[in-house]
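Data block below; observations after.
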Amino acid sequence: MSLVEIECGSLPKRLKKVRNASDANHSHNACNPRSQGYSSESLLNSQSSNTKPGSLDCFITCDNSYNPEESVNDKNWPLYQFRPGYLWVSDLTRQHWCEQQLHYSLTVPGLVEEKPVMTQGTNLHLERELAVHDIVDVKVTSNEDIWTIKVLNMINAIAGFMNGGSIAREVPIFGAPFEKDVFIVGLIDELRFDPKEFSIELWELKTRMRKSLPSKAQCSQHQLQIMLYKKMFDDMVKGLLKKDTIAKHLCLDFQKEFGEDIQSHASRLFLSSTNLEELMEDLFTRMQCLTCIQSIGVEYVHQDTKETIGMKREVYNETELQRLYNHYLGFWCGDRKAVGVEIEDAWKCQSCDYADICEWRRLKAEECVQKNSKT
Ligand code: SF4
């Protein structure tokens, strides 16, 4: 893959943000170091005419030439079978919609193709992202480099706020919520920082084909997503996430020196770190100078006109989040089998790609027939 690097300014004046390219479409497999190889990363640079003073203006993504060694885990849990290393937040939100559907998507590959609406949504995300920073490619030579890119992008977001910026987009986030032994990774669409109030809002962008707000079930999915983001962000602000936890779950060598390209990029950002141990320490220090996320919400945008349909604030309910999280981990950790939707949510099956093969749906239909035959 060709390597594109655009000269960026110094960190205090022109902040740089970095990101793993595969985060852009929230694809787990593309980003999981055990599921796919990598070769380079792209870095966004502040050449955008829309770039505002103090805004994030540089972004790094990765290409796929590096081939890490496979780490085979013999456990039978779905977590190890399908998501070795970590889960994506989107795994949990899809599970919230229908766990059986999620399971089919993991076990019956190739049945679902990317739909135009997904592509348009991805394009709109990219468009918004490019309004605050440009991209530069950076070569990666190890898993450690790939995760370094994520950490650099987080540092860029924080540095942007500390230097007068008010918006950060596509900010990586990760953690092990509620002290469970499961690592979660996500990508926050937008953080808005108010320096006067010293407050941070989190906004998720969702595109809609229709000019109307989504159903209650969809809103519930979105609420779970942003609650998880807030939980992981706040955990870092409170110093609850430890380096050892990250290194253990991601099987990273924190002492390994950055690859050449990462090293030179980090020094251009005036970062003295030479390995993840130092960079993570830097990240934690910066995060702990921030404040917890004050409010969370979802912006719904019409995909054709790009008009905002509505801005819906959601309530953060940690007790409910923990309850759901524990329940969903039951599936991932092999405590129980996947379950489909209940009868009241059977409308979801009408648009499900797996409806024709779904055993859960067949059994529920049989149950209904039996019940009706008795009445
Ligand atoms: Fe879930 Fe219904 Fe699809 Fe089965 S058919 S996977 S129960 S949505």
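Can you tell me which residue is least open to solvent (accessible area, probe 1.4 Å) among those in region 347-368 that are charged (D, E, K, R) and within 28 Å of the chain's Cα centre (by Cα)?
Among those that are charged (D, E, K, R) and within 28 Å of the chain's Cα centre (by Cα), it is 348.
Scanning region 329-338 for residues being more than 9 Å from the ligand (Cβ to nearest atom), part of a loop (DSSP other than H, G, I, E, B) and under 24 Å from the mean Cα position of the chain (by Cα) gives a total of 2.
What's the total number of residues in region 261-274 that are farther than 15 Å from residue 150 by Cβ, at pLDDT 90 or above and not β-branched (Val, Ile, Thr)?
Looking only at that region, the number is 3.
Sort out which residues of region 289-298 are open to solvent by 20 Å² or more (accessible area, probe 1.4 Å) and either touching a helix residue (DSSP H, G or I) at 6+ places or on another chain (Cβ under 6 Å) or at positive phi (or both), and write them in order of number.
Passing the criteria: only 292.
Between 155, 146, 135, the distinction of being under 28 Å from residue 247 (Cα atoms) and at pLDDT below 80 belongs to 135 only. With respect to the conditions (1) closer than 27 Å to residue 83 by Cβ; (2) exposed (fewer than 12 other Cβ atoms within 10 Å of the Cβ), residue 344 falls short on a single one, namely (1). Among the residues of region 214-249, those identified as modelled with pLDDT of 95 or more and among the aliphatic types (A, V, I, L, M) are 217, 224, 226, 227, 228, 232, 236, 237, 240, 241, 246. Within region 339-358, the set of residues being within 10 Å of the ligand (Cβ to nearest atom), free of Cβ contacts under 8 Å to residues at least 24 places away in the same chain and among the acidic types (Asp, Glu) comprises 342, 356. If we keep just the residues of region 162-191 that are open to solvent by 10 Å² or more (accessible area, probe 1.4 Å) and in a helix (DSSP H, G or I), which is modelled with the highest pLDDT? For region 162-191, the residue satisfying everything is 178.
Quick check on residue 369: is it closer than 30 Å to residue 209 by Cβ and either more than 16 Å from the ligand (Cβ to nearest atom) or not in a loop (DSSP other than H, G, I, E, B) (or both)? Spelling it out, it is not the case that residue 369 is closer than 30 Å to residue 209 by Cβ and either more than 16 Å from the ligand (Cβ to nearest atom) or not in a loop (DSSP other than H, G, I, E, B) (or both).
Among the residues making up region 230-240, those that are farther than 12 Å from residue 200 by Cβ and surrounded by fewer than 20 Cβ atoms within 10 Å (Cβ to Cβ) are 238, 239, 240. The test for being crowded, with 16+ Cβ neighbours inside 10 Å and either of a type outside the set (A, V, I, L, M) or touching a strand residue (DSSP E or B) at 6+ places or on another chain (Cβ under 7 Å) (or both) does not hold for residue 211.
The values are calculated or read from the model by the stated rules, or taken from the named source; none is laboratory data. Everything numeric in this text was worked out from a predicted model, so none of it was measured. Note: ideal-geometry Cβ built from the backbone for every residue, glycine included; neighbour counts use all protein chains shown. Areas reflect the complete protein model, heavy atoms only, side chains present, ligands, DNA and RNA absent. Shrake-Rupley method; radii C 1.70, N 1.55, O 1.52, S 1.80 Å.
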